[in-house]
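Input: a single structure, listed below in structure tokens.
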Amino acid sequence: MDDRPHKAHRPAQSGAKAEKKDKGKGKEKQKGFNEKAFAPKSGRRADRQGRRTAERDQTRLHVPLVNRTPDDEPPPVIVAIVGPPGVGKTTLLKSLVRRYAKQTLNDVKGPVTVVSGKKRRLTFIECNNDLNSMIDIGKIADLVLLMIDGSFGFEMETFEFLNILQSHGFPKVIGILTHLDLIKKAATLRDTKKALKKRFWTEIYQGAKLFYLSGVLNGRYPDTEIMNLSRFVSVMKFRPLVFRNSHSYILADRLEDLTPRELVRTSKNKCDRTVTVYGYVRGTNLRMGTRVHIPGVGDLEMKSVTVLGDPCPMPDADSEKRRKLSEKKKLIIHAPMSDVGGVMYDKDAVWVNVPGSFTRGNTDIRQGEGEQMVMDLQDVGSTLEDAVAKSQIRLLGTSSKNLTVPNEDNVDMGDEDSDDLDLESLAGSDMEDDDSGIDSDPGDAEEGDDEDRTQDPRSTGRSSHRSGARTLPSSSKKQRNDIEYAESDSDLGDNDEDLDIGGRRVRFGEDDDHDIPSDEGEGEEEEEEEEEGDDGAVPRWKKNLAERAQSSFASSRKSRRKDWTKLIYATSLTPAEILQGEQEEGSGATEVEMDEEDFFQIKRTADAGQDEVLDQSKEALSAEELKKWEDEEMLESIRHLFITGDDNAAGDGEDGNEEGGAFGEEEDGDDSQDDEEGSAAADPEAARAAALAAKKEALKRKFDEQYDDPESSKLDFYEEKKDEMARQLALNRAEFEGIDAEARALVEGYRPGQYVRIELTDVPCELIENFDPSYPIVVGGLLPAEERFGFVQVRIKRHRWYARTLKNNDPLILSVGWRRFQTVPIYSLDDHSIRMRMLKYTPEHMHCYATFYGPVSLPNTGFCAFNSLSGETPGFRVSATGVVLDIDRSVKIVKKVKLTGVPYKIFKNTAFVKDMFNSALEVVKFEGANIRTVSGIRGQIKKAMPKPDGAFRATFEDKVLKSDIIFLRAWYSVQPRKFYNPVTSLLLSDKAHWTGMRLTGQVRRDEGLKTPLNVNSTYKRIERPPRRFNPLVVPKKLQASLPYASKPKLMAPQRAQTYLQKRAVVMEPEEKKAVALLQQIRALRKNQVARRKEKKDEKKVERQKKLAKEEAVKGEKEKEKRKEYMRVAGQKTKRAAEIEEGGGRSKRRKT
């Protein structure tokens, strides 16, 4: 079978598959059109294609942001599962955890962290149907799995959550359609998918990923669909968001109460608690000393931050050599609130929870190995320290007496032999511990130190640091020599005759052997001096304790291991001089400066021959050092390093090694310099030719970069910024590379990705008493500026889906930064950049400004507003969105006010006005202000009158009447109310029903009060009496001087009858006949029109009757059709109900 040749593939020439391929090629390919061989036929089309390509490239680009998350050990990616109740969130979470960790969770609570790959971990968290939880999850989620019920469609909670995401920085969103198995028809299913995808793309962006989950098998979604989803999640890339890139935060996966139980008992559970929260640092570095905010609780102080071991570690490079993640690493899962794993690591303890209902005395049920170990630990009656203290140790196997450790009560100061014996026994036991290579227990070391402290309080313990090298016993009882372990045979050396390892001696050429001083030489000399000392009244180890302690402290600083690489390669001393301890000139001070292990240094005394250096701000210059710059050869050697240098020297510098130069020549020594000078002098023409060739090569390379491929040599702005940020990150990483973890945490804070334990003080007791793991606890770090309070100015717009208009001075719940609080904003509008004019209501379909009192936030911080957070609120709950503009504590908002008055004395263009002000002082403040009447006559306030109070004199451009109303337009400054009410939903037992300050109408409705009626505020009918105006009278003298065209043409009324009125008309007989004929014709015409109208009315009545009959018949037919339609619809509904009762599930049951 294997020898048979495989059948060649023959593509289909006709049929559905061939038609599908031809359809995909396009019309141009079918006709044989080669698009690469011809230019575009239409210049307009080519221009459109070019614009389209440029727009697509530009939309792909975004503002480069520095990613604060480290690449080596990033924190787990937070994957939030969000959706309305009953959509299948818990089922999806269990299926994903089963896919990654091979474990089935029974009760999911809180975050669940799993390992998804060799470089990524995932933290799954389910968002319940609470607006507070949606807001918190929207601020921290890196990826949102938005679940939509396919059989029902989008619900209001989905749109609310998407608008919250838009306000707080939009993370990646993947849509998941569930309950598609309830749609039986394939056509209906296809149309539903298409409609939901179109609406989903409208809300997110065109091309957003949408997954389909068909049904539930064995309590989980199908493995194939979950595998496709998990693969997509595991490789997704995330962009840093602006707010998270500047704030550190922690999603707490565990919470512990450290308050003393006695304090809780005495205060009857009403005292503030000390709480520790555990989680991964995310965002930017978490600095110690900053305040944190827990949404739903408030601002808190951090007492301490401790880095703990990673409970869900990523596989390291050594354990994961393969391309695929091993099954052992997949089993790691961290879910403390769900009680998975049973082991919890604390700062000073490890808590092991043994699940199951078993008893200690029950031997019928076999316990596992781990359970048996835990029960054995519970049965232990003494600690390891007590067991070691009771144990007996013999120095040799043939010894008949055990080694004993004396107690303080049994020590006899006069018995020298016993002291020496005990000291020797202690030294022997210490030697055996060092031989075995095992460090002694810290508790034993402390017991030994206690004895020394009681004898002499000035003793400082060990005189030098413990050496990490293994030691072997020599012939002397207390002498210990280090054994050097080489990594290869070449490190040990081939000449064994010249090097005596055991004796620590070395021979140089034909000279005598030299001793190699040890790094712990001074300490050994002290021990030898102790042995050589005579036996006096005081034991040897107690002599001169103070002097020895001081000298040992100094020796511990001086007697560090020598840097043999520096001594051998970076010095001009001979090996013999190095062994004798000689130093180069000036090397002593350099060694002190370059010693990085200790911050403080021992101040050494200056040499006796050294001159005294005076305190001065500038460094003293020596004339001898400046003389070397007078040498011409020295200047010529560095001339090519400057712009004014010659080309030949520059060519030599380019052709040479860039990393060499002056440093390389110094390392080579004098011989290499002499060789180079000799070769250059021997063949100067060759050097000049080489320099010229190098220069030409550099010019040619530059020419090729510019003209052959100019794009490769020139980076655009986007790539240049990315390279700049990469260089800066590498520089930061190199700066902190050699610093230990504690010092680095003090300087830059705790890095993202570290698992920390934060101890919080003065936490309200309600957080512990009403703790619910299904509500997320977010610990957000605050910037120093965000701890202050002031007036914040924002740009706000009422949401187009919110039904009611927002009113000025109504309480509003804002979500700004990490905080959620209730405040009273004042809305305003910029009035031609002159003033901020107050608005009573938010305008329709446009932005306005709002000013409120609250915690200060950085500009460009997005926020969203709500009138109520309750779940029972009907309709869309997101009332407004906006962005923080400025932090201005002296913001001035004004509102328009009209002051009215009436004139009480009028003198031509001057009038005295009253009832506008109450005192002369107010009038003085408004002197020179513009006023006007209702009829439009403009005027100006001049001066206050002595009586009555508040009256003033004003001038107008025309004479006013006593009936005129005079008003003054002024601006009144309005100050926002200092009201700040944080939303403390996590402190309630019913976290979904937090109530803040209510509106006045809501208070009256809840209390059953009627609205008070003010009589003067009710609308009344305005009745104005008609006014009579005097006729315009022009004086006769003025009329005489006027031209005729301007003179008033006023004539007196006619009293006597005119001739036309008085004359009598007598008709002729012909005229009478004509008039009579016309009257008869008019009568006939009138009669004819009346009869025609009556006939038309009769026809109209008959037509109405006919139409009524037709409408009745038509109505009967419509009624029959409606009956038939409703009968069919009822049968469908009944059938669907029977299917649901039989094998389906309830629509709104939570899964």
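The values are calculated or read from the model by the stated rules, or taken from the named source; none is laboratory data. What you are looking at is a predicted structure, and each value in this text was computed from that prediction instead of being measured. So basically every Cβ, Gly included, is an ideal-geometry build from the backbone, and we count neighbours across all protein chains shown. For accessibility, only protein heavy atoms count, side chains too; no ligands or nucleic acids. Shrake-Rupley method; radii C 1.70, N 1.55, O 1.52, S 1.80 Å.
Could you grab the Rg to Rh ratio for region 857-1003? Cα atoms only, Kirkwood for Rh.
Ratio of gyration radius to Kirkwood radius for region 857-1003: 1.25.
Keeping the other protein chains in place, figure out the carbon and sulfur percent of the accessible area of region 77-235, with a 1.4 Å probe.
Ligands and nucleic acids excluded, carbon and sulfur give 52 percent.
What number comes out for accessible area per residue over region 77-235 if the probe is 1.4 Å? Units Å², please.
Here the per-residue accessible area is 37 Å².
Which ³J(HN,Hα) values in Hz, rounded to whole numbers, follow from the phi angles of region 174-183 under the Karplus curve 6.51 cos²θ - 1.76 cosθ + 1.60, where θ = phi - 60° and Gly and Pro get x?
Working through the residues one at a time gives 10, x, 10, 9, 10, 6, 6, 6, 6, 8 Hz.
Which value, in Å² rounded to 10, gives the accessible area of PHE703 with a 1.4 Å probe and all protein chains present?
Its heavy atoms expose roughly 110 Å² to the probe.
Gain in length, THR1058 to LYS390, computed as 0.36 nm per residue apart minus the alpha-carbon separation, to one decimal in nm?
Extra length available between THR1058 and LYS390 comes to 225.1 nm.
If N is the number of residues in region 77-235, what value comes out of its Cα radius of gyration divided by 2.2 N^0.38 Å?
0.99
Could you work out what % of the accessible surface of region 745-844 is carbon and sulfur, using a 1.4 angstrom probe and leaving DNA, RNA and ligands out of the count?
After summing per-atom areas, the C and S share lands at 49 percent.
For HIS832 and PHE736, FRET efficiency with R0 = 30 Å and r from the beta-carbon atoms, rounded to 0.05?
My answer for the efficiency is 0.05.
Taking amide H positions as placed in the peptide plane 1.01 Å from N, state which residues far from GLY298 in sequence (5 or more) or on other chains have amide H under 5 Å from it.
Amide H neighbours of GLY298: none.
Which listed residue (PRO171, SER95, ALA141) has the Cα farthest towards the positive end of the charge dipole for region 77-235, taking +1 on Lys and Arg C-beta and -1 on Asp and Glu C-beta about the Cα centre?
Value computed over the given set: SER95.
Among bridges DSSP assigns within region 77-235, what percent are antiparallel (round to 5)?
Within region 77-235, antiparallel bridges account for around 25 percent of the total.
What does the charge dipole of region 822-878 about its Cα centre add up to, to the nearest 20 debye, if the Cβ of each Lys and Arg holds +1 and the Cβ of each Asp and Glu holds -1?
100 debye
Suppose the chain between ASP107 and MET1126 were pulled fully straight at 0.36 nm per residue; how much longer would it get relative to their current alpha carbon spacing?
So the extension gain works out to 362.3 nm.
Dividing the convex hull volume of the alpha carbon atoms of region 953-1079 by its residue count, what do you get in Å³ per residue?
530 Å³
Under 12 Å from a point placed 7 Å out from the Cα of GLU301 along the Cα-to-Cβ direction: which residues of region 734-773 have their backbone N that close?
Residues 760-763 fall inside that zone.
Return an integer: the convex hull volume of the alpha-carbon atoms of region 150-299, in Å³ per residue.
With only Cα atoms used, region 150-299 gives 202 Å³ per residue.
Which loop-located GluC sites (Glu not before Pro) does region 853-942 contain, where loop means any DSSP state but H, G, I, E or B and the Cβ has at most 13 other Cβ atoms within 10 Å?
Hits after loop and neighbour filter: GLU872, GLU927.
I want to verify the translational diffusion coefficient of region 886-957 in µm²/s; compute it with Stokes-Einstein, Rh as the Kirkwood radius over Cα pairs, at 20 °C and 1.002 mPa s.
The diffusion coefficient I find is 161 µm²/s.
Between ALA54 and ALA1045, 0.36 nm times their residue separation minus their Cα-Cα distance comes to what?
Fully extending the segment from ALA54 to ALA1045 adds 349.3 nm.
Provide the per residue accessible area, probe 1.4 Å, for region 719-868, rounded to a whole number of square angstrom.
The answer is 47 Å² per residue.
If I histogram all Cα-Cα distances within region 778-853 using bins 5 Å wide from 0, what percent of pairs lands in each bin?
Going from the shortest bin to the longest, the percentages are 3, 13, 23, 23, 16, 11, 8, 2, 0.
Can you give me the C-alpha center-to-center distance between region 217-246 and region 760-787, rounded to a whole angstrom?
Taking the Cα centre of each part, region 217-246 and region 760-787 sit 28 Å apart.
Label point 7 Å out from HIS993 along Cα-to-Cβ: which residues of region 856-890 have amide N under 15 Å?
Under cut-off, by backbone N: 869-873.
Hey, what D do you get for region 71-170 in µm²/s if you plug the Kirkwood alpha-carbon radius into Stokes-Einstein at 10 °C and 1.306 mPa s?
111 µm²/s
What is the packing order of peptides 1123-1131, 1059-1067, taking the mean over residues of other C-beta atoms within 10 Å and listing the highest first?
For the peptides 1123-1131, 1059-1067, the packing ranking is 1123-1131, 1059-1067.
At what distance in nm do the modelled label points of ALA195 and LYS925 sit from each other, each positioned 7 Å from its Cα along Cα→Cβ?
6.4 nm
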